[in-house]
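Before any comments, here is the structure.
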Amino acid sequence: MLDPEIQSIVDQMAAAPGPPGHLVPVDQARAANDHDAAIMSGPGEEVAEVREITVPGPGGPIPVRVFRPAGEGPLPLVAYAHGGGWVIGSLDGFDPLCRALANASGALIASIGYRLAPEHPFPAGLDDVRAAVPWLAENARELGGDPDRLAIAGDSAGANLATVTARRLRDEGGPPLRFQALVYPVCDSGLDTPSYRESGDGFGLTALGMQRYWELYLDGADGRRPDASPLQAEDLAGLPPAFVLTVDHDVLRDEGEAYARALEAAGVPVELRRYDGAIHGFFRWMAKSQLSRQAVAEVGGALREALA
């Protein structure tokens, strides 16, 4: 059963005119995603400072928006990768969420404007996040941050990029991360778990929608590679402690929970939290959902505790 506020949103989605989401052209989907964010997320909380910077990247400068909460520095620093199936999503669309996370965590939130598919398919977005995190660590003090209290976080496809980046940093010499916060992460390209069958239609993100995102992102690349499907990685030992949030009515539920179990089996401390009554995408619906506000507070609290 869905939470009543979430059910109301699902009903509005079902009644909305237009083709199914997986048939909407990419440019229209991007515009709709940002438009909906203004309604669903609200205007955003006040923070002490917002800075627009650019970070050197493999495909050119990467835009990064840094949100600073009130408080004496140096503050912990969290690199954040937004969701959107590697195809949609923007710094503007996730601005209210990052403001709320900054205040909830007491940390600088550095939102990374990585390149999107299909113009820039796998591994372009991943390479951008991988490039941004060491730069942020090296320049943390200039931003008012503490390079020794560094974490990575993301939602959906952004959580995929976050956890793959954490593994690559482990393998490629740092910088060390204290924590990873993964909100309904994309963890495997198989599209064949029970949650795909149970929640594949009628709950926002559909099975066909996720299939389309994978196709646009991979552009023919092998989706079973661990850099695309982190659940396929052979060695997860030594990764930073993790907070993994899943929701019951979500095609990604089972793979996210399987990844949490795989991390735990590898000796990584993990807190797995499933939100019942919610659907994919709810994390940034702060203006419409008490569950969303609760989840943001919980993720922010986990970051605050880990980076204390």
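The values are calculated or read from the model by the stated rules, or taken from the named source; none is laboratory data. All values derive from a computational prediction rather than experimental measurement. Neighbour counts run over all protein chains shown; Cβ positions are idealised from the backbone, glycine included.
Filtering Arg197, Arg224 for residues that are basic (Lys, Arg), out of contact with any helix residue (DSSP H, G or I) (no Cβ under 7 Å at 6 or more places or on another chain) and surrounded by fewer than 19 Cβ atoms within 10 Å (Cβ to Cβ) leaves a single hit, Arg197. Taken together, Ser199, Ser229, Ser189 contain a single residue that is more than 18 Å from Asp3 (Cβ to Cβ) and in contact with a Lys or Arg (Cβ under 8 Å, 6 or more places away or on another chain), which is Ser189. Of the strands (runs of 3 or more DSSP E) lying entirely inside region 1-103, the ones with 2 or more residues being touching a strand residue (DSSP E or B) at 6+ places or on another chain (Cβ under 6 Å), among the hydrophobic types (A, V, I, L, M, F, W, C) and surrounded by fewer than 20 Cβ atoms within 10 Å (Cβ to Cβ) are found at 49-55.
Here are Leu91, Leu101, Leu97: which of them is under 30 Å from Gln211 (Cβ atoms) and in contact with a Leu (Cβ under 9 Å, 6 or more places away or on another chain)?
Leu101
Scoring Ala15 on the criteria (1) under 23 Å from Phe203 (Cα atoms); (2) at pLDDT 95 or above; (3) of a type outside the set (Phe, Trp, Tyr) leaves a single failure, condition (2).
Residues in region 222-237: is at least one over 24 Å from Gly89 (Cα atoms) and in contact with a Leu (Cβ under 8 Å, 6 or more places away or on another chain)? Yes, that holds for at least one residue. Residues in region 119-177 that are acidic (Asp, Glu), assigned to a strand (DSSP E or B) and within 19 Å of Pro63 (Cα to Cα): Asp155 only.
Could you please let me know if Ala262 is aliphatic (A, V, I, L, M), modelled with pLDDT of 95 or more, farther than 22 Å from Phe179 by Cβ and surrounded by fewer than 20 Cβ atoms within 10 Å (Cβ to Cβ)?
So Ala262 fails the test.
Only residues that are over 21 Å from Arg224 (Cα atoms) and touching a residue at least 40 places away in the same chain (Cβ under 8 Å) were counted across region 116-153, and they come to 19. Residues in region 276-293 that are in contact with a strand residue (DSSP E or B) (Cβ under 8 Å, 6 or more places away or on another chain) and surrounded by fewer than 19 Cβ atoms within 10 Å (Cβ to Cβ): Asp276, Gly277.
Tell me whether region 234-243 contains one or more residues that are assigned to a strand (DSSP E or B) and on the phi < 0 side of the Ramachandran plot.
Yes: region 234-243 contains one or more residues that are assigned to a strand (DSSP E or B) and on the phi < 0 side of the Ramachandran plot.
Within region 121-136, can one find any residue that is charged (D, E, K, R), touching a Lys or Arg at 6+ places or on another chain (Cβ under 8 Å), closer than 24 Å to His280 by Cβ and surrounded by 24 or more Cβ atoms within 10 Å (Cβ to Cβ)? Yes; the residues of region 121-136 include at least one that is charged (D, E, K, R), touching a Lys or Arg at 6+ places or on another chain (Cβ under 8 Å), closer than 24 Å to His280 by Cβ and surrounded by 24 or more Cβ atoms within 10 Å (Cβ to Cβ). Flag: Val268 matches the condition of being under 23 Å from Ile152 (Cα atoms), of a type outside the set (Lys, Arg) and not in a helix (DSSP H, G or I).
Before we move on, is Leu177 touching a strand residue (DSSP E or B) at 6+ places or on another chain (Cβ under 9 Å), more than 26 Å from Pro118 (Cβ to Cβ), of a type in the set (A, V, I, L, M, F, W, C) and in contact (Cβ under 8 Å) with a residue 40 or more places away in the chain?
Judged against the criteria, Leu177 is a match.
Among residues belonging to region 230-240 that are touching a residue at least 60 places away in the same chain (Cβ under 8 Å) and crowded, with 17+ Cβ neighbours inside 10 Å, point out the one that is nearest to Ser195 (Cα to Cα). If you could, list the steps in order and put the result at the bottom.
Initially, region 230-240 is screened for residues touching a residue at least 60 places away in the same chain (Cβ under 8 Å), giving 230, 233, 236, 238-240.
So of that shortlist, the ones also crowded, with 17+ Cβ neighbours inside 10 Å come out as 230, 233, 236, 239-240.
Values: Pro230: 18, Ala233: 21, Leu236: 24, Leu239: 26, Pro240: 27 Å.
Among them, the one singled out is Pro230.
Hey, does region 151-160 have a residue that's surrounded by fewer than 21 Cβ atoms within 10 Å (Cβ to Cβ) and either modelled with pLDDT of 95 or more or not β-branched (Val, Ile, Thr) (or both)? No, that holds for no residue. Considering region 180-233, the residues that are assigned to a loop (DSSP other than H, G, I, E, B) and in contact with a strand residue (DSSP E or B) (Cβ under 8 Å, 6 or more places away or on another chain) include one that is farthest from Gly281 (Cα to Cα), namely Ser199.
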